[in-house]
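Trainee: Before I ask anything, let me first share the structure, which is written out below as structure tokens.
Please treat every number below as a calculation from the coordinates, not as lab data. All values reported here derive from a predicted model rather than from experimental measurement. FYI the Cβ positions are ideal-geometry reconstructions off the backbone, even for glycines, and counts take in every protein chain you see.
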Amino acid sequence: MLSTVLRRTYLKWQRLRQQCTIAALQEQRSTWLLTFTAQFVDLLALPEIVDLLARWVKFNTRPLSPLEMAEARKVFGNSIPLEHIRIDEFSLLAWMGAWLQNAPQMGVTIFYTINFTRRLKIEAASGDMGWLIHELVHIAQMHHVGSRYIWEALHAQNSAEGYDYGNPRNLLYKNLAAFNREQQGDIVRHYYDYVLYGEAYPLFKQYYQAHYYDEQISDLQKGKL
Ligand SMILES: [Zn+2]
């Protein structure tokens, strides 16, 4: 774990340096300070420290199961550190989120820990596995872009488009990075649910055509979010 953190420090330093350019300032304007702060927090390895402390405090977290890892690899390849991820299926944080948003259930990914309001029923192609895939996209965002994904995802949730990326044909000739943090989560979730496991549903197969998702999944596996 420590060696991974040290190895990634240079990457985080580069992100922070890129942020400190006039181009970044001009491009981001109102959000520049938020991103700068997130990248500074990342450089200090605060997300990893918080994760480590949380692991001591929260006794009920678990690692991904072998089945969850195998299913995740079908989508993410080896682009995220699956072995470091923790799952909390009785999360106070997720319950509070669900209560605040009046939602029946909720998943909240903070750094490398995914918080759920209930125990998942995981099988290949199950609805809960699709849900987990969406949350793992937030882990990919954390891993490749840094903790700025948190405010970007909150912003996406409150935007007009929200989670909706429109017709899957919209994905053609666009990079994954062109979509907001929640759209990214649902693009990858739909790839898992409907492209990888869509054979049973001819209508899905026609609507969610595999080649629409090629560019997006390739970006995901290269960490280009
Ligand atoms: Zn999400």
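Trainee: How long is the gain from I22 to A177 if the chain were fully straight, where each residue apart is worth 0.36 nm and the alpha carbon distance is subtracted?
Mentor: Net length gain for the segment: 53.7 nm.
Trainee: Along the charge dipole of the chain, which of S30, Y212, G77 sits closest to the positive end, that is, farthest toward it, with unit charges on the beta carbon of Lys, Arg, Asp and Glu (+1, +1, -1, -1)?
Mentor: The one lying farthest along the dipole's positive direction is S30.
Trainee: So between Y201 and F90, what do we pick up on full extension, going 0.36 nm a residue minus the alpha carbon distance?
Mentor: Gain on extension, Y201 to F90, equals 36.6 nm.
Trainee: Continuing with this model, one more query. How long are the semi-axes of the equivalent ellipsoid of the chain, defined as square roots of 5 times the Cα gyration tensor eigenvalues? Whole Å, largest first.
Mentor: With the √(5λ) rule applied to the chain, the semi-axes are 27, 23, 17 Å.
Trainee: For W99, W32, which order do you get if you count the other beta carbons within 10 Å of each Cβ and list the fewest first?
Mentor: With the fewest neighbours first, W99, W32 line up as W99, W32.
Trainee: Ok, one more. Stretched out fully, how many nm does the piece from A70 to Q101 gain, at 0.36 nm a residue minus the Cα gap?
Mentor: Length difference between fully extended and current span is 7.9 nm.
Trainee: Among the lysines in the chain, how many pairs, 8 or more places apart or on different chains, have alpha carbons under 16 Å apart?
Mentor: 4
Trainee: Per DSSP helix of 4 or more residues, -39500 (n - 2.57); summed, then divided by the residues of the chain. What does that give at 222 nm, rounded to the nearest 500?
Mentor: -16500 deg cm²/dmol
Trainee: Could you check which residue among R148, R29, R17 shows the biggest mean-square fluctuation in a GNM of the chain with a 10 Å Cα cutoff?
Mentor: So, out of R148, R29, R17, the one fluctuating most is R29.
Trainee: Given +1 on the Cβ of Lys and Arg, -1 on the Cβ of Asp and Glu, and no further charges, what dipole in debye does the range 1-44 carry about its Cα centre, rounded to the nearest 20?
Mentor: So the dipole magnitude of the range 1-44 works out to roughly 140 debye.
Trainee: Rg over Rh of the range 46-179, using C-alpha atoms and the Kirkwood radius, what does it come to?
Mentor: We get a ratio of 0.95 for the range 46-179.
Trainee: For the range 151-212, state which GluC sites (Glu not before Pro) are in a DSSP loop and have at most 12 other beta carbons lying within 10 Å of their beta carbon.
Mentor: Sites meeting the loop and neighbour criteria: E161, E199.
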